[in-house]
């Protein structure tokens, strides 16, 4: 199965790009965050036309999570497993079973400022998610937790560790809480995958398996989408840099991020390859999945 996650930051604005990406990338499951739509306004019919069943937990102009699947969509649950019927919560959590895999789409609270009430609420939310995994999921089933965790797992996931040290998204309590969701459970196949961290909204992050893994670094897809422009917009920051990318160069090398030897595609800018500015960027899927 190919499973992807994408913080779309308003599905109304990103819908054409989402439809285009689904049409050629064809993931089996896509988790969305920050749809910023009510359930009544969610474009389920448009996704059905592309072959996807859809479940959505919306809140109008804020938050909102969804799961799209073309391999089945069962046992859909919105919110926490211990949530009371009359409890009012934000639309940040959606569970569904897709082809035997329990898929969780999460949009973790931002936290805003370390030490603030929003920060403390974020830690409480993550702890509640951990308890929910222990209570609601069978340890023998495959599980993947996808979404925007608003946490940079390691220093290499931020642009300058020294300048963001001590801030929200990189504090040790946040990192420990985000890790505990997978490490505190005994799931045989538990994968966590984030498509957006403190650096902001990115393109879709893609995984091809739910093999035992408790990190955000997943195996690369067996076949990348064939449109360089869309892939470069994930791997390169800024539209101006993305526009300079004209083709992909396949190579086998050691990834400088996770030190594994992989075959991967490197976007090659249209500027001279011999110039410093035109130097190809090389990274395996961990570079994209981490939202760098």
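Brief remarks follow.
- Filter pass, residue 131 being more than 18 Å from the chain's Cα centre (by Cα), part of a helix (DSSP H, G or I) and either within 14 Å of residue 81 (Cβ to Cβ) or in the same structural domain as residue 66 (by TED's automatic domain parsing) (or both): yes
- Of the set (1) assigned to a helix (DSSP H, G or I); (2) surrounded by 23 or more Cβ atoms within 10 Å (Cβ to Cβ), all apply to residue 106 but (1).
- On the stretch given as region 109-123, residues that are touching a helix residue (DSSP H, G or I) at 6+ places or on another chain (Cβ under 9 Å) and either assigned to a helix (DSSP H, G or I) or at positive phi (or both) total 5.
- Verdict on residue 151 being closer than 26 Å to residue 8 by Cα and over 21 Å from the mean Cα position of the chain (by Cα): no
- The set of residues in region 50-79 that are out of contact with any strand residue (DSSP E or B) (no Cβ under 9 Å at 6 or more places or on another chain) and modelled with pLDDT of 95 or more contains only 51.
- Region 131-152: number of residues that are modelled with pLDDT of 90 or more and touching a helix residue (DSSP H, G or I) at 6+ places or on another chain (Cβ under 7 Å): 3
- Checking residue 166 against (1) on the phi > 0 side of the Ramachandran plot; (2) modelled with pLDDT under 60; (3) more than 13 Å from the chain's Cα centre (by Cα), the condition it does not meet: (2)
- Any hit, region 23-30, residues being more than 15 Å from the chain's Cα centre (by Cα), farther than 26 Å from residue 142 by Cβ and modelled with pLDDT under 95: yes
- Selection of region 135-180 for residues being assigned to a helix (DSSP H, G or I) and closer than 24 Å to residue 88 by Cβ yields 135, 136, 177.
- Among the residues listed as 143, 129, 123, the single one being surrounded by 13 or more Cβ atoms within 10 Å (Cβ to Cβ) and farther than 22 Å from residue 3 by Cβ: 123
The values are calculated or read from the model by the stated rules, or taken from the named source; none is laboratory data. This is a predicted model, so every value here is computed, not measured. Neighbour counts run over all protein chains shown; Cβ positions are idealised from the backbone, glycine included.
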